[in-house]
Structure formats: structure tokens, C-alpha cells
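I have placed the structure first, in the form of C-alpha cells, so that the comments after it can refer back to it.
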Amino acid sequence: MENHGLDLAPEKTEAVLLIGRRPCGPLPGLKLRGHPVVPAKEVKYLWVTLDRRLTFAPHIQHALKKAKKAVKALGQIMPRTCGAGEGTRRLLAAVAPSIVTYATPVWEKALRRDRNVKRLASVQRQMALRVYRAYRTAGLSAVLALARQVPWHLVVTERKLRYDDRRELNPGLKRTRKQRSEETLARWQTEWERDTGESGWTKRLIPDIGVWQCRRHLRCMR
């Protein structure tokens with residue numbers, strides 16, 4: 001590296017041993033120019049947090065921590081009883097998912113764990129409450145539907161599939177962007193119909209998520 005004009009700072013160097021789910025014995029001692037480098041449990045590389053077992057749970061937690069700050073800041077300019085209309089609120093709320101869904105092709109598999117999906121839903125619910133001006137007691141599924149906020153775990157899956165389409169990783173399964181969006185709405189509709197929570201009346205008023213999501217009038221029906 002020095003031959004190419006690059007230099008390393010031993011005191012700032014971090015290391016992590018990526019072992020997956022395999023057992024690992026004592027880690028060997030590492031040194032860089034005589035400076036000891038202690039292997040960490042996780043490191044950040046290109047804004048993605050890599051943990052030893054590649055679960056990406058720490059990355060999701062760090063991303064949600066940033067998203068919470070954004071939601072809190074937006075909440076100050078989007079009070080429940082007054083302020084901006086739905087169109088403006090939806091535009092401002094787009095900040096949070098852009099933070100959460102960064103580098104989704106890398107960590108999308110982490111959503112196979114329900115715990116990580118619930119973590120995403122918890123933060124998204126806070127944002128949806130502000131968009132629709134709902135009370136804190138509103139259920140997750142209902143407030144996401146009313147605020148027209150696609151569940152983040154479905155957004156992550158769609159972006160991963162679109163990435164595969166661009167890279168042609170699965171040529172036989174390649175779809176257009178519009179087709180991927182339609183597939184996401186279909187998955188959301190399936191989850192909406194299977195939901196047995198506190199969204200009974202909302203489901204009666206909004207039986208078809210796709211129709212409500214694509215409605216032309218912008219103002220909330222409240």
C-alpha cells in the first residue's frame with residue numbers, strides 16, 4: 001500500500017473475524033507496525049455494520065437508531081392536530097425509510113428473523129402515526145394502511161429483487177420495476193387480509209390496499 005502512496009494508521013485500525021455460525025476458538029493476536037489490533041465484535045465498512053456472525057442485527061439496530069432521530073425531528077414539524085397536509089407529510093416521512101433501507105442487498109436476509117422485522121415495524125409505526133395524525137393507540141397494520149406507508153420489510157425485499165434484476169443475477173426471474181411494485185402491493189394485500197389484530201373496521205373501509213394506495217385525492221379522510 002505504501003508503494004501506491006497509501007498509509008495506515010495503526011491506532012485507528014479495526015479488525016473483525018467473520019465466522020458465520022461456525023464455532024471459533026481463541027483469536028490470534030494481531031499487530032500492525034507493533035501496535036496491537038484487538039478483534040472487535042463488529043466494525044463499520046462503507047456505512048454497513050458487519051458483525052462476526054454476519055447476522056446484520058447490529059446494522060439494523062444502528063440504522064433504526066438514526067431513523068428514530070429523523071422521526072423525532074420530523075415529529076416536531078408535523079404535529080398531530082395541525083400543520084402540513086398528507087402530501088407534505090408523506091414527502092417528509094420519506095427520509096426515514098431512505099436511512100433504514102441503505103445497502104439492502106447486503107443485509108436483506110436478516111429479515112428472515114421475525115425479531116428484526118418487528119424492530120423495523122416499531123420505528124415505522126411512529127412515523128406513520130405522524131403522517132396520518134393518528135392517536136398512539138392506533139394499531140400497526142391499520143395506521144400503515146391509512147398513511148399509505150408500505151411496510152419496510154416489504155420495501156427491503158423489493159429493493160433486493162430490483163437489485164438482482166439490474167445485475168441480472170436471476171435472468172429467469174427478471175421483472176420490470178412496475179412489476180416489482182405490483183408484487184409488493186400483492187404481498188401487502190396478503191398480509192392485510194391475514195391480519196387479525198385491531199384493524200377490523202379499517203379493513204372493512206379499505207378492503208383493497210392497492211386501490212387505497214393509488215388514490216388520487218391527497219387529504220386524509222378524517
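Which order do peptides 140-153, 22-35, 179-192 fall in by mean Cβ count within 10 Å, highest first?
140-153, 179-192, 22-35
Taking the Cα centre of region 84-147 as origin, work out the dipole magnitude from +1 charges on Lys and Arg Cβ and -1 charges on Asp and Glu Cβ, in debye rounded to 20.
Around 220 debye, computed over region 84-147.
Relative to the present Cα-Cα distance, how much length would full extension add between Arg216 and Ser181 at 0.36 nm per residue of separation?
10.8 nm
Along Cα→Cβ, 7 Å out, is where each label goes; now give me the distance between the ones at Ala84 and Lys44 in nm to one decimal.
If labels sit at Ala84 and Lys44, their model points lie 2.6 nm apart.
Quick one: 3J(HN,Hα) in Hz for region 94-105, Karplus 6.51/-1.76/1.60 with θ = phi - 60°, rounded, Gly and Pro as x.
Working through the residues one at a time gives 5, 5, 4, x, 5, 6, 5, 8, 5, 6, 4, x Hz.
Pulled fully out, how much extra length does the chain show between Ala15 and Glu198, if you take 0.36 nm times their separation in residues and subtract their Cα-Cα distance?
Full extension from Ala15 to Glu198 adds 61.2 nm.
Could you order peptides 51-60, 79-88 by the average number of other Cβ atoms within 10 Å of their residues, highest first?
The most tightly packed comes first, giving 51-60, 79-88.
Summing -39500 (n - 2.57) over the DSSP H runs of n ≥ 4 in the chain and dividing by its residue number, what mean residue ellipticity at 222 nm do you reach, to the nearest 500 deg cm²/dmol?
-15000 deg cm²/dmol
How large is ³J(HN,Hα), in whole Hz, for each residue of region 46-56 in order, when computed from phi with the Karplus curve 6.51 cos²θ - 1.76 cosθ + 1.60 and θ = phi - 60°, using x for Gly and Pro?
6, 6, 10, 7, 9, 9, 4, 9, 6, 7, 6
For a label point 7 angstrom out from the Cα of Arg136 toward its Cβ, which stretches of region 54-71 have the backbone nitrogen within less than 19 Å?
Answer for this model: 68-71.
Taking the Cα-to-Cβ direction at Val95 and at Leu8 and moving 7 Å from each Cα, how far apart do the two end points lie in nm?
Taking the simple label geometry, Val95 and Leu8 are separated by 3.9 nm.
Where the only charges are on Cβ atoms (+1 Lys, Arg; -1 Asp, Glu), what is the dipole of region 56-213 about its Cα centre, to the nearest 20 debye?
It works out to roughly 600 debye.
In whole angstrom, how far apart do the alpha carbon centroids of region 144-194 and region 27-91 sit?
Between the Cα centre of region 144-194 and that of region 27-91, the gap is 23 Å.
Bear in mind these aren't lab numbers, they're just calculated from the coordinates by the rules spelled out. Keep in mind that this is a model prediction, so the values were computed, not measured. Glycine also receives a Cβ, built like all others from the backbone with ideal geometry; neighbour counts cover every protein chain displayed.
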